[in-house]
Amino acid sequence: SSFFFPPSQKPKSELVRTSLRLLTSSAYRLQSECKKTLPVETCPTTDIQLVTQQVIQCAYDIAKAAKQLVTITTKENNN
């Protein structure tokens with residue numbers, strides 16, 4: 001979570017930290033999966049259909065984490 005916040009401003013909410021961890025890990029996974037489709041990275045055994053499913057799952061996880069963050073911060077700002 002310090003990827004998004006300076007150490008002095010770490011989020012206090014465990015829900016925010018969990019969402020940020022999911023967002024960060026999913027973004028790294030998405031980058032890794034997308035690299036597998038590049039001509040330089042692709043090998044004959046690369047299953048493009050499986051990679052595509054992984055990319056879709058990563059994108060879903062990123063959207064889910066982003067939605068959680070919006071929901072949490074909206075609730076916190078309204079209190």
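Below, the figures for the structure above:
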read-out	value
Segment LEU38-LEU50, length gained on full extension (0.36 nm per residue, minus Cα span)	2.9 nm
Among 63-74, 13-24, 43-54, the order from most to least packed when residues are scored by Cβ within 10 Å on average	13-24, 63-74, 43-54
Kirkwood-Stokes translational diffusion coefficient of the range 12-75, alpha-carbon pairs, 25 °C, 0.890 mPa s, µm²/s	192 µm²/s
Local electrostatic count at SER25 - Lys and Arg +1, Asp and Glu -1, tallied over other residues with Cβ under 14 Å	+2
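Just so you know, all these numbers are worked out from the coordinates, no wet-lab data involved. None of these values were measured; they are calculated from a predicted model. Using ideal geometry, Cβ is built from the backbone for each residue, glycine included, and neighbour counts are taken over all protein chains shown.
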